[in-house]
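Below is one structure, written out as structure tokens; comments come after it.
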Amino acid sequence: MYYKTVPYRIFNAINTALLLVLSILCVIPLVHVLAVSFSAKSAADGNLVGLWPVDLSLEAYKTTLETPLFLHSMWVSVERTVLGTALTLLLAFLAAYPLSKETQVFRMRNVYSWIFVFTMIFNGGLVPFYMVIQKLHLMNHFWVLVLPGAVNVYLTVLLMNFFRGVPKELEEAALIDGAGHFKTLFRIYLPVSLPAIATLALFSVVFHWNSWFDGLLYINNKEDYPLATFLQTIIIGHDMSSMSIDPKQMELISQKTVNAAQIFIGAVPVLMVYPFLQKYFVKGLVLGSVKE
């Protein structure tokens, strides 16, 4: 009966309208970038492009996909995202399991929990961290993009809270059947926590794919930049020298169209991954697993 009341219908209508407006506001910039990337040079330079391409042209995408440095930076980002996400999820999974236990089971739980929380609040700063990276000989190395952020405390805390909601009867039944902690972790907790892991995986994917500052700070060779760092130097820094574009070809393309094409191509992988994880978002992070 509550869903049939007039106040609920009014709230539902207003809420739907607001969410629709917010969704449109989020999509419009992406549509505009896509339209600019498919537009001719004169239309883009003259700011004549709205939400539809003007004088359709594929020169920007042709130039972008023929740039070896762009393709290499995209491959570096793919490697970083895959390895970084896998390592982050593995470490978060292994750390969240013991931290989710009671102090009667894991006596040092509170100590380790406070150590983790302390790292979220305090840090040594950028200069000491830079010196640590130098001492570890990670400068200009691929693993400098993966190892420093491998342990994500925020994701570990989220997964820990999810593990606390898993019924203890499942673990007790596994232990009675002779399973150890590792077998219980991977045979019981892993299948149950797929929605949470999928959610954390998307957080990690977006973080690694969009992270640009660490590449700019710790890597000196433009050839080894991840895609986000490469786009930052091109679009924000207005440095087109690394594109190595033929001067004759510059007559057919605009910096705006090339930048728009690069931005859209860079966003495509995340847009492709999200639909596969959307079904797990619907279930949320507090999905139970006890079945009658």
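If a residue has to be in contact (Cβ under 8 Å) with a residue 12 or more places away in the chain and under 20 Å from the mean Cα position of the chain (by Cα) to count, how many in the range 80-95 make the cut?
Within the range 80-95, residues that are in contact (Cβ under 8 Å) with a residue 12 or more places away in the chain and under 20 Å from the mean Cα position of the chain (by Cα) number 11.
Spot the failing condition for G165; the list is (1) touching a helix residue (DSSP H, G or I) at 6+ places or on another chain (Cβ under 8 Å); (2) surrounded by 13 or more Cβ atoms within 10 Å (Cβ to Cβ), and only one is missed.
Checking G165 against (1) touching a helix residue (DSSP H, G or I) at 6+ places or on another chain (Cβ under 8 Å); (2) surrounded by 13 or more Cβ atoms within 10 Å (Cβ to Cβ), the one that fails is (1).
Working only within the range 103-125, note down all residues that are surrounded by 14 or more Cβ atoms within 10 Å (Cβ to Cβ) and within 30 Å of V273 (Cα to Cα).
Hit for the range 103-125 is F116, nothing else.
Considering each of Y225, Y280 in turn, give the residue that is modelled with pLDDT of 60 or more, in contact with a Pro (Cβ under 8 Å, 6 or more places away or on another chain), hydroxyl-bearing (S, T, Y) and crowded, with 17+ Cβ neighbours inside 10 Å.
Among Y225, Y280, only Y280 is modelled with pLDDT of 60 or more, in contact with a Pro (Cβ under 8 Å, 6 or more places away or on another chain), hydroxyl-bearing (S, T, Y) and crowded, with 17+ Cβ neighbours inside 10 Å.
Residue pairs, Cβ under 9 Å, 6 or more apart or interchain, first in the range 103-121 and within 13 Å of Y154 (Cα to Cα) and free of Cβ contacts under 8 Å to residues at least 12 places away in the same chain, second part of a helix (DSSP H, G or I) and of a type outside the set (A, V, I, L, M). List them.
none
Has the range 82-95 got any residue that is closer than 20 Å to K256 by Cβ and out of contact with any Phe, Trp or Tyr (no Cβ under 9 Å at 6 or more places or on another chain)?
no
In the list S100, S77, S73, which residue meets the criterion of being surrounded by 15 or more Cβ atoms within 10 Å (Cβ to Cβ), over 30 Å from A40 (Cβ atoms) and in contact (Cβ under 8 Å) with a residue 40 or more places away in the chain?
S100
Pull out all pairs, ordered by first then second residue, where Cβ-Cβ is under 7 Å, the residues are six or more apart or on different chains, the first lies in the range 243-268 and is at positive phi, and the second is modelled with pLDDT under 85.
Within 7 Å, the pairs are S244/T67.
Just need a number here: residues in the range 24-81 that are part of a loop (DSSP other than H, G, I, E, B) and hydrophobic (A, V, I, L, M, F, W, C).
Qualifying residue count, the range 24-81: 9.
All but one of (1) charged (D, E, K, R); (2) at pLDDT 90 or above; (3) over 20 Å from the mean Cα position of the chain (by Cα) hold for R109; which doesn't?
Every listed condition holds for R109 apart from (2).
Considering each residue of the range 168-205, count those that are of a type outside the set (G, A, S) and more than 30 Å from P269 (Cα to Cα), and give that number.
15
Can you name the residue in the range 240-276 that is surrounded by fewer than 15 Cβ atoms within 10 Å (Cβ to Cβ) and within 24 Å of V78 (Cβ to Cβ) and is also modelled with the lowest pLDDT among such residues?
The qualifying residue modelled with the lowest pLDDT is S244.
Return the residue satisfying two criteria in turn: it lies in the range 1-47 and is polar (S, T, N, Q) and surrounded by 11 or more Cβ atoms within 10 Å (Cβ to Cβ), and of such residues it is nearest to the chain's Cα centre (by Cα).
S37
May I ask you to verify whether L20 is of a type in the set (A, V, I, L, M) and more than 30 Å from D214 (Cα to Cα)?
yes
If the requirement is being of a type outside the set (S, T, Y) and either closer than 17 Å to Y225 by Cβ or at pLDDT 90 or above (or both), which of these qualifies: G84, G46, G50, G124?
Selected residue: G84, the only one of G84, G46, G50, G124 that is of a type outside the set (S, T, Y) and either closer than 17 Å to Y225 by Cβ or at pLDDT 90 or above (or both).
The values are calculated or read from the model by the stated rules, or taken from the named source; none is laboratory data. All values derive from a computational prediction rather than experimental measurement. FYI the Cβ positions are ideal-geometry reconstructions off the backbone, even for glycines, and counts take in every protein chain you see.
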